[in-house]
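Readers should treat all values here as calculations from the given coordinates under stated rules, not as data from a laboratory. On a predicted model such as this, the values are computed, not experimentally measured, just so you know. Cβ: placed from backbone, ideal geometry, glycine included. Neighbour counts: every protein chain shown.
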């Protein structure tokens, strides 16, 4: 999808009869996923997708309709359906209208694009899987190797004209040695920067080190969270409370604690699509420039990300984080936790008695305002004794407030690890390893 193509498609409907204003959002993707299990390729998926969303405004009413064809006929049909739905909708007194560049500024693309990744073939992905399988020959390997190219555009009758595109390569590896498993993954906008064999070696090393795991008592312990585990907590914290709509509705910790210390002063968490480890586009789904927002700055809850609607309710400038959904509101999609000064071994050395956690899974939110999560450790959980890794333990189920964990941070790793989203292709997270005191494990498992 090119900028010229989306402009032609949008121009067919921007002056649609009967509409006061029109907005067109178009997304396209071409991706390939090679899945493997039991150290064999089991599936190859190639997918090309395109959707155009036409939003029509009539007074203080707006509605959208979608099509997967960009010709004038299909675009006009979608605009007509949206116009009919808008006229039938209830008035929306909080509707902020469509923005103009004079009001919100003009977005510039991030351009996180790599030609080789965009053109990657099934044969190239199979070759990468071959390297993974070779590196994990001592066990059985399972996971994915994915490459994709994505483009987005927002064009409106009010003068918004945005286009950006990015590529991404993602690989995961679960190594299974029969009585234990280990995990490795890697991601980047460029496949040349993804070390699939290195991630596979980490996975098999974790699995081998996890053999003969013993029981450990549940309770509150000092822990070292590797970047994948720390990144999961940050993702859920963002989902639970970084948006202004959640704050306005009392569902976010910002509703009660904005301007207060909520984390250790070593903790700074930002949303920054232009950070070197981020992957994304330079505008939101209203066509606003995405701003760098320090959501937690030096341990202080400074403020949420916002879209036009929530920003006007707050009486603040919008930060350019519309998710495209009025129901969900603004979303921080490019989370970065600023790194510290310690490597993983130094973080471990600071723990007298505790545990090292590779990653979490089956995570769910128990309470949004308190950021209370539950979930399980997986694919490598180890006892720490006297500042050294002392042996594997069976997995724990945890029940832990993310903010309480961040308040108890006692060390931040110097190396940021880029993490792809667990679901879909939009957004990214970059996290360091963390040393956290008093992390609560509620129970143990049998494996």
More than 17 angstrom apart: percent of Cα pairs within the stretch 201-307: 67
Centre separation in Å (Cα based) which lies between the stretch 76-150 and the stretch 5-46: 7
Residues 221, 331, 145 arranged by fewest to most Cβ contacts within 10 Å: 221, 331, 145
Cα gyration tensor category, rounded, prolate or oblate, for the stretch 3-206 with a/c compared to 1.5: prolate
Quotient of Cα Rg and 2.2 N^0.38 Å for the chain, N being how many residues it contains: 1.04
Using alpha-carbon coordinates, inclination of helix 72-88 to the longest axis of the chain, degrees: 90
Considering only the chain, percent of DSSP beta bridges that pair antiparallel, nearest 5: 90
Gyration tensor (alpha-carbon) shape descriptor, the stretch 212-444, a/c threshold 1.5: prolate
Ascending count of other beta-carbon atoms within 10 Å, so fewest first, for 173, 162: 162, 173
For the stretch 383-447 and the stretch 262-317, distance of Cα centres in Å: 23
Crossing angle, helix 196-209 versus the chain [Cα axis fit, 0-90 degrees, rounded to tens]: 40
181, 429, 34 arranged by Cβ crowding within 10 Å, fewest neighbours leading: 181, 34, 429
